[in-house]
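S.K.: There's a structure below that I have some questions on.
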Amino acid sequence: MTEKIHRNAIFNPEGHDEVERRTIIKGSTTGLFNLNTTKYPWAKSLYQVMVGNFWVPEKVSGLKDDARMFHSELTDDEQRAYKGVLSFLIFLDSIQTVNLPHFSDYVTSPEVNLILSIQAYQEAIHSQSYATILESVVESEERDEIYYFWRTDKILLERNKYIGSIYQDFIDDPSDATFFRGIVANFLLESIYFYNGFAFFDTLVDHMKMLATGRMIAYIRRDELTHITIFANLIREIRREFPEIYDEKLIVDMMDTAVKQEIEWSRHILGDRIPGLNGDTTQSYTRWLANNRLGMLGIAPLYPEAVENPYKHLDRLQDPNSDKGNFFETTVVNYTQSSSMNGSWDF
């Protein structure tokens, strides 16, 4: 039996907003967004990047060319993968849009609540992006097939149920244990589950196919890098402030499960049928990525043999502004975790 965790009050006149009394969770705040004094400088830094990353799918041109190419130049296997990968990505961003406020309700730092709100907005933009792609590229009768591909694909259904059940467990029984498990699930979703799908679209672009879709995915990937960093820092702050809640073995076990699921799904939807991708590279890439993500949390590699990214073309295809995302992904472990920071939120 673990300790219950309580949702923040909308307004708590007995609360305290002083930085020295602020904690990442389990604090007692007034409910006021006092952002002139902040405890977590990484949140302020991420706010600046996330706002600077603003974009809307309607501004991405070229989807008409993608529609022509989808039907005339993609192989049957590439078309199937395109639709299947989109189905999973649509689910991931859908569940994040709805779920993030549930976790934010228990975070007692206004600067972190702020960036979680921006993340939820960005996830909604991603959902609209997928709708724009579907409306532009595939036939109208195929759209519901893509949205509800999990109804006929057992592997995708099991993946979706696994993620959804972790979030639902927390909503149904909010406790220290279900909250931490949910935070870890958020981290894994953002840092592992998207990336073989991204690699598929990047590989199409590397072969000069579906370029507009690739540009849309590049914007989404840039956003996701900041989302990874949010949850990496949340986990690190919980480890520092609430070591009795932190569970490294749980993180490692859940990562191992996520990697196995991602490899199984990617082999199922991509297999060895897509030029530039195969079962071996899928496994190597996913394990390499897992080691990288665990490193963000200061945890030793789970797969010591996976020391190199097999997809060299991914580095060539980073969008021009991805240095921001890469900076935050690779230097998250160097952030000062709890020094008081005064001053404005201006750029």
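None of the figures in this text is laboratory data; all of them are computed from the coordinates on show. None of the values given here were measured: they were computed from a predicted structure. Here the Cβ is made from the backbone with ideal geometry for all residues, glycine too, and neighbour counts use every protein chain on show.
S.K.: Name all residues of region 83-123 having a backbone nitrogen under 20 Å from the label point set 7 Å from the Cα of PHE242 along its Cα→Cβ direction, giving them as ranges.
M.R.: Residues 99-117 fall inside that zone.
S.K.: Please determine, in degrees from 0 to 90 and to the nearest 10, the orientation of helix 279-296 with respect to the longest principal axis defined by the Cα atoms of the chain, where the helix direction is its Cα long axis.
M.R.: Helix 279-296 and the main axis of the chain meet at about 20 degrees.
S.K.: Next question, about the same structure. In degrees from 0 to 90, rounded to the nearest 10, what is the angle of the helix 76-104 Cα long axis to the longest principal axis of the chain?
M.R.: Tilt of helix 76-104: around 10 degrees.
S.K.: Could you work out the helix-only [θ] at 222 nm for the chain, with each DSSP H run of four or more residues adding -39,500 (n - 2.57) and the total divided by the number of residues, to the nearest 500 deg cm²/dmol?
M.R.: -21000 deg cm²/dmol, from helical runs alone.
S.K.: Once you mark the GluC sites (Glu not before Pro) that are in a DSSP loop and have at most 15 other Cβ atoms within 10 Å, what is the longest gap between them in the chain?
M.R.: 140-243
S.K.: Using a Förster radius of 30 Å, what is the FRET efficiency between ILE171 and PHE54 based on their Cβ-Cβ separation? Nearest 0.05, please.
M.R.: That gives a FRET efficiency of 0.50.
S.K.: Another one. So if I take the centroid of the Cα atoms in region 160-235 and the same for region 72-86, what is the distance between those two points in Å?
M.R.: 22
S.K.: Out of the chymotrypsin sites (Phe, Trp or Tyr not before Pro) in region 20-51, which ones are loop residues according to DSSP with at most 16 other C-beta atoms within 10 Å?
M.R.: When the chymotrypsin sites (Phe, Trp or Tyr not before Pro) of region 20-51 are filtered for loop state and at most 16 Cβ neighbours within 10 Å, PHE33 remain.
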